[in-house]
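Novice: Sending over a structure as structure tokens; questions will come in a sec.
The values are calculated or read from the model by the stated rules, or taken from the named source; none is laboratory data. Computed from a predicted structure; not experimentally measured. Here the Cβ positions follow ideal geometry from the backbone for every residue, glycine too, while neighbour counts run over all protein chains shown. With ligands, DNA and RNA removed, areas are computed over all heavy atoms of the protein, side chains included. Shrake-Rupley method; radii C 1.70, N 1.55, O 1.52, S 1.80 Å.
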Amino acid sequence: MASPPFSSCSVKDAKVLMVGAGGIGCELLKTLALSGFPDIHIIDMDTIEVSNLNRQFLFRQSHVGQSKAKVARDAVLKFRPHINITPYHANVKDPEFNVDFFKQFNVVLNGLDNLDARRHVNRLCLAANVPLVESGTTGFLGQVTVHVKGRTECYECQPKPAPKTYPVCTITSTPSKFVHCVVWAKDLLFAKLFGDKNQENDLNVRSSDGASSSENVEDVFERRKDEDIDQYGRKIFDHVFGYNIELALSNEETWKNRHRPKPIYSKDVLSDELAQQNGNLEKNNVCDDELSVSAMASLGMKNPQDIWSIRENSRIFLEALRLFFTKREKEIGNLGFDKDDQLAVEFVTSAANIRAASFGIPLHSLFEAKGIAGNIVHAVATTNAVIAGLIVIEAIKVLQNDIKNYRMTYCLEHPSRNMLLMPVEPFEPNKSCYVCSETPLSLEINTNRSKLKDFVEKIVKAKLGMNLPLIMCASNLLYEAGDVEDDMIAIYEANLEKVLAELPSPVTGGTMLTVEDMQQEFVCNINIKHREEFDEEKEPDGMVLSGWTQPVSAAENKDKSVGNGASPSDALVTAVESEKNDEITVVSTLKKRKLPEETDISCADAEAKHQKQLEVIDDEDDLVMLDGDLDSFKKRKLS
Amino acid sequence: MSWNRLRLGMDGDGEELTAQETALYDRQIRVWGADAQRRLSKAHVLVYGMKGTVAEFCKNIVLAGVGSLTLVDDRVATEEALSSNFLIPPVESVYGGKTLAELCCNSLKDFNPMVRVSVEKGDLSNFGVEFFSKFDVVVVSCCSLSAKKLANDKCRKLSKRVAFYAVECRDSCGEVFVDLQDYKYSKKKQEETIGCDLKYPSFEDALSVPWRTLHKRMSKLYFAMRVIEKFEEAEGRSAGEVSIADLSAVLKLKKDLCIAQSLSESHVPDALLERLVTNATEFPPVCAVIGGILGQEVIKAISGKGDPLKNFFFFDAFDGKGIIEDISAK
């Protein structure tokens, strides 16, 4: 290479947008500033938390609660005072960040923690024709990719891993893993007791024998006026861990080939010392600050790594429940699970453990349960630093328009062909990508039964990732979100409740719908095919979208990593923790394609076959997996 | 004493992590476990030579929560020294008259109140064996080849195991050398736990491995770094004190070395040497990459978790590859 490829001339006029000021963001902002980038804009809606401080080195204890974007700016200006950093404490999906906003930048750099925002930024970059450098890390693994419209694949050309989902009955009736118990404790029990009472909840759908009417059951969770809190707690305990299990056991069919659960009643695990205990508890509980109310603290338990006995779990359960009703009564009815809410984590841990004990599943520590319940993705500073360095290297190539040297780079935990950092040539755009190639999609749906609302929620928002959609049938506007004239609001609201075939402009088999997101400047056409029946387990949405890159489930992925060389998803480096908490392994399957120099990829393929199954490394911080999942199972009914 | 026994000894007092530590280190404990975190909090790390790459490394291990970090660099801060070092505010009234170690120390203390960061004064070659015995990890940079070898030998003389690392970045290239002496660790493969035993050569021994015995696709950066190192040593320059004016002398030295080592000159491209002499200052993205990899390796060595690299790591932003090479006598 003759000319110095990393000359500063391309950098000194550059204006860049960073999305995310978290783990990767802090490292990236520092490295950009040191590398001489003079004008950096940074968007992050988050505020600083204690668990960020181990790697987001621009933040200090005293910054907890403040805007990440703003604090990061101030910290970097201390060592590079003469550059411009413009912070936005806002959501990148806010309408102010439209295509025109994106157009002012030479390159956009993502340090995001969720799929939704990544897709949104991808579309805006495509619409504004601004190159995007995308990144992600988890533990020791990371990756950096370059997306340039028309030149390389876009972020959505490749299938993304589907969030892990669990069948409703596994959660409500037949858990076999600890995670099932955590989902039950968090999304059903916690939501039932402390969340929105009007939400549908599958907690009491236990068996198909209809032994009791749901009306009766509803009463159990309602705390009667002046009902003693300890008595109420034990009633809930006995109902969910005792009575419900007995009821489930009565359905013999379920247990033919399964381990039979054991009902657990409070009197069995706690005997009669309970009353005494509570007398002492009040004294210890001196702190009234809401988020510091803790059942562990009032019971004198300190180590979150300990695995509690069934008795300890039961005491934590009752104490946490009592504390919610006595110290945080005002919040009851509006609470959602939050991994940073100590009391909520304690409650969920204990409830999951008691249920696990019932079903003969090994118990776990609060630390582990918190990780599962909060979908906490492992994160260390070193990987983020490495990835940030690689992002800047790609950004400089993009500024120099050095297309032939763009690379997608994987940061590996275990070397592959002696490489810890493995560059690969970027892929070409996927010709059938519905995002960057305008290929129409097709949707099988029952047009006589499915409402427009279902289509908007399950397809337009959940699958197509649109933020403010507009739906047209030929030239007729059926629906529009966002700023709409008053007289139209009522019409759209009415349309949402109509089934497709009865809309003012009927949508039936053969109709083509146009769905557009004005903010993302993203349009796609969907050909509608009418279909009567759907399989409830396999097609829970009651509609099937095809022609787009379907998320790969873990099982499908496994098949692909062993030998299906033709799949476009082969180049994904994928990672997942294995069940037994041992080390993260990486599979890197590479399509037979030209690699830099004459490297031999056959050994990587061979290696891949020995290694464990993985998912794509995607998210840097808090992966929203179970939450995304919840929607689908909230809306489902058991037969 | 073996490395393993040393670690057991460190665990012996059975201290638990405090609630404060658990909250702060939550995300990384999820990566390497509470045991590893405890070991980290008892480890003492020495770094010599405060350039951008070392600043990155220091940030990483202070965040990770090592017990203590001791910095040595008596050089007085100049504008040039600050170019890729985010630990020093570029305001003369702040940095004027202070040493690089003092300035970096002040910033690093802020990063994690649970880590003791301090400064020692002195020249690497003058520190006695006793001095090194205070540390579990020694990282050296920005010093002569002979100073590195000497420090490495002193670490090896101790009955206690001291992990030794040498690191350099020039232009958009970086190199890490690792010496863990005799390193035993266990890892899980499939369902079983297997014991591993890695034998590392000293820096001196690694560099004495004849070039012609190395495999054909050995990183070109390895040879290029040796040429520059030799040049600096022969000319009595300090590390990084080269410029484009030295190119012809460097190319001649390369030729001589290749002949002496019976290595085809094509393994040491002139263009690469030209880059390394033209721009001796560090390239910040490479500092981040090398400082990150080095941080990860030190964490592995202290915690006993994960496969440590043996025994060289090279990164060149030109091709983007981060390569491990094992350079030891057969």
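Novice: Considering every residue within region B:129-142, establish whether at least one is among the charged types (D, E, K, R), part of a loop (DSSP other than H, G, I, E, B) and either within 30 Å of B:Ile29 (Cβ to Cβ) or touching a Pro at 6+ places or on another chain (Cβ under 6 Å) (or both).
Specialist: Filtering region B:129-142 down to residues among the charged types (D, E, K, R) leaves B:130, B:134, B:136.
Now restrict to residues that are part of a loop (DSSP other than H, G, I, E, B): B:134, B:136.
Narrowing further to those that are either within 30 Å of B:Ile29 (Cβ to Cβ) or touching a Pro at 6+ places or on another chain (Cβ under 6 Å) (or both): B:134, B:136.
Looking through region B:129-142, at least one residue is among the charged types (D, E, K, R), part of a loop (DSSP other than H, G, I, E, B) and either within 30 Å of B:Ile29 (Cβ to Cβ) or touching a Pro at 6+ places or on another chain (Cβ under 6 Å) (or both).
Novice: Pairs please, first residue from region A:241-255 and hydroxyl-bearing (Ser, Thr, Tyr), second anywhere and part of a helix (DSSP H, G or I), Cβ atoms under 7 Å, 6+ apart in sequence or on different chains.
Specialist: Within 7 Å, the pairs are A:Thr254/A:Ala248.
Novice: When the residues of region B:33-50 are narrowed to those that are open to solvent by 10 Å² or more (accessible area, probe 1.4 Å) and within 14 Å of chain A (Cβ to nearest Cβ), which ends up nearest to B:Phe86 (Cα to Cα)?
Specialist: As a first pass, look at region B:33-50 and keep what is open to solvent by 10 Å² or more (accessible area, probe 1.4 Å): B:33-35, B:38-39, B:41-42, B:44, B:48.
Remaining after also requiring within 14 Å of chain A (Cβ to nearest Cβ): B:33-35, B:38, B:41.
Values: B:Gly33: 30, B:Ala34: 30, B:Asp35: 31, B:Arg38: 28, B:Ser41: 24 Å.
Across region B:33-50, the extreme among qualifying residues is B:Ser41.
Novice: Next question. Scan region B:293-309 and tell me whether some residue there is closer than 30 Å to B:Ser41 by Cβ and surrounded by fewer than 20 Cβ atoms within 10 Å (Cβ to Cβ). Break it down into steps so the answer makes sense when it comes.
Specialist: Within region B:293-309, the first condition is being closer than 30 Å to B:Ser41 by Cβ, and the residues that meet it are B:293-309.
When the remaining residues are screened for being surrounded by fewer than 20 Cβ atoms within 10 Å (Cβ to Cβ), the result is B:305, B:307.
Taking every residue of region B:293-309 in turn, at least one turns out to be closer than 30 Å to B:Ser41 by Cβ and surrounded by fewer than 20 Cβ atoms within 10 Å (Cβ to Cβ).
Novice: Does A:Gly389 satisfy being within 14 Å of chain B (Cβ to nearest Cβ) and free of Cβ contacts under 8 Å to residues at least 40 places away in the same chain?
Specialist: Values: within 14 Å of chain B (Cβ to nearest Cβ): yes; free of Cβ contacts under 8 Å to residues at least 40 places away in the same chain: no.
Taking the combined requirement at face value, the residue does not satisfy it.
Novice: In addition: What strands (runs of 3 or more DSSP E) lie completely within region A:437-506 and have 1 or more residues being within 30 Å of the chain's Cα centre (by Cα) and touching a residue at least 60 places away in the same chain (Cβ under 8 Å)? Break it down into steps so the answer makes sense when it comes.
Specialist: Numbers: elements: A:441-445, A:469-473, A:476-480.
Qualifying strands (runs of 3 or more DSSP E): A:441-445.
Novice: Within region A:500-526, how many residues turn out to be surrounded by fewer than 19 Cβ atoms within 10 Å (Cβ to Cβ) and either of a type outside the set (D, E, K, R) or not assigned by TED's automatic domain parsing to the domain that holds A:Arg449 (or both)?
Specialist: So the answer is 11.
Novice: Is it fair to say B:Thr53 is touching a Ser or Thr at 6+ places or on another chain (Cβ under 6 Å), surrounded by 20 or more Cβ atoms within 10 Å (Cβ to Cβ) and in contact (Cβ under 8 Å) with a residue 24 or more places away in the chain? Can you show your working first?
Specialist: On the way: touching a Ser or Thr at 6+ places or on another chain (Cβ under 6 Å): no; surrounded by 20 or more Cβ atoms within 10 Å (Cβ to Cβ): yes; in contact (Cβ under 8 Å) with a residue 24 or more places away in the chain: yes.
For B:Thr53, the condition - touching a Ser or Thr at 6+ places or on another chain (Cβ under 6 Å), surrounded by 20 or more Cβ atoms within 10 Å (Cβ to Cβ) and in contact (Cβ under 8 Å) with a residue 24 or more places away in the chain - is not met.
Novice: Scan region A:408-436 residue by residue and report those that are within 14 Å of chain B (Cβ to nearest Cβ), open to solvent by less than 50 Å² (accessible area, probe 1.4 Å), in a loop (DSSP other than H, G, I, E, B) and modelled with pLDDT of 90 or more.
Specialist: A:Glu425, A:Pro426
Novice: Can you name every residue in region B:73-102 that is touching a residue at least 12 places away in the same chain (Cβ under 8 Å), within 11 Å of chain A (Cβ to nearest Cβ) and assigned to a helix (DSSP H, G or I)?
Specialist: Scanning region B:73-102 gives B:Leu82, B:Tyr95.
Novice: Scan the helices (runs of 4 or more DSSP H) fully inside region A:223-332 and keep the ones with 2 or more residues being surrounded by 15 or more Cβ atoms within 10 Å (Cβ to Cβ), charged (D, E, K, R) and at pLDDT 85 or above. If you could, list the steps in order and put the result at the bottom.
Specialist: Working: elements: A:229-237, A:244-249, A:252-255, A:266-270, A:274-284, A:295-298, A:310-327.
Hits in region A:223-332: A:229-237, A:310-327.
Novice: Just give me the residues in region A:398-407 being more than 9 Å from chain B (Cβ to nearest Cβ) and open to solvent by 10 Å² or more (accessible area, probe 1.4 Å), in sequence order. I'd like the intermediate steps shown before the answer.
Specialist: Here is the first cut: in region A:398-407, the ones more than 9 Å from chain B (Cβ to nearest Cβ) are A:398-404, A:406.
Scanning region A:398-407 gives A:Val398, A:Leu399, A:Gln400, A:Asn401, A:Asp402, A:Ile403, A:Lys404.
Novice: Show the residue pairs meeting these rules: Cβ distance below 8 Å; 6+ apart or different chains; first residue within region A:280-309 and more than 14 Å from chain B (Cβ to nearest Cβ); second residue at pLDDT below 70 and open to solvent by less than 30 Å² (accessible area, probe 1.4 Å).
Specialist: Correct list of pairs: A:Val293/A:Asn285; A:Ser298/A:Leu281; A:Ser298/A:Asn285; A:Leu299/A:Leu281.
Novice: Tell me which residues, restricted to region A:88-124, are over 17 Å from A:Gly23 (Cβ atoms), of a type outside the set (A, V, I, L, M), in contact (Cβ under 8 Å) with a residue 60 or more places away in the chain and assigned to a strand (DSSP E or B).
Specialist: Scanning region A:88-124 gives no hits.
Novice: So how many residues does region A:244-264 have that are over 15 Å from A:Pro175 (Cα atoms) and not charged (D, E, K, R)?
Specialist: Going through region A:244-264 one residue at a time, the tally reaches 4.
Novice: Can I ask one more? Of all residues being charged (D, E, K, R), facing another protein chain (nearest Cβ under 10 Å) and open to solvent by 40 Å² or more (accessible area, probe 1.4 Å) in region A:23-62, which is nearest to A:Thr138 (Cα to Cα)? Just the residue, please.
Specialist: Just the residues of region A:23-62 that are charged (D, E, K, R), to begin with: A:27, A:30, A:39, A:44, A:46, A:49, A:55, A:60.
Now restrict to residues that are facing another protein chain (nearest Cβ under 10 Å): A:27, A:30, A:49, A:55, A:60.
Within this subset, residues satisfying the condition of being open to solvent by 40 Å² or more (accessible area, probe 1.4 Å) are A:49, A:60.
Numbers: A:Glu49: 18, A:Arg60: 23 Å.
Selected residue: A:Glu49.
Novice: If you don't mind, another one. Tell me, which residue of region A:373-386 that is at the interface with another protein chain (Cβ under 7 Å from one of its Cβ atoms) and assigned to a loop (DSSP other than H, G, I, E, B) is modelled with the highest pLDDT?
Specialist: Per the stated criteria, the residue is A:Val380.
Novice: A further question follows. Taking region A:114-146 as the region of interest, how many residues are open to solvent by less than 20 Å² (accessible area, probe 1.4 Å) and either in contact with a helix residue (DSSP H, G or I) (Cβ under 7 Å, 6 or more places away or on another chain) or farther than 25 Å from A:Ser546 by Cβ (or both)?
Specialist: Residues flagged as open to solvent by less than 20 Å² (accessible area, probe 1.4 Å) and either in contact with a helix residue (DSSP H, G or I) (Cβ under 7 Å, 6 or more places away or on another chain) or farther than 25 Å from A:Ser546 by Cβ (or both) within region A:114-146 amount to 18.
Novice: For B:Glu241, are the conditions met, namely being more than 11 Å from chain A (Cβ to nearest Cβ) and under 28 Å from B:Cys58 (Cβ atoms)?
Specialist: yes
Novice: Can you name the condition, by its number, that A:Gly65 falls short on among (1) within 14 Å of chain B (Cβ to nearest Cβ); (2) over 26 Å from B:Phe283 (Cβ atoms)?
Specialist: Single failed check for A:Gly65: (1).
Novice: Are any of the residues in region B:287-308 at the interface with chain A (Cβ under 8 Å from one of its Cβ atoms), part of a helix (DSSP H, G or I) and more than 29 Å from A:Arg80 (Cβ to Cβ)?
Specialist: So far as region B:287-308 goes, no, none of its residues is at the interface with chain A (Cβ under 8 Å from one of its Cβ atoms), part of a helix (DSSP H, G or I) and more than 29 Å from A:Arg80 (Cβ to Cβ).
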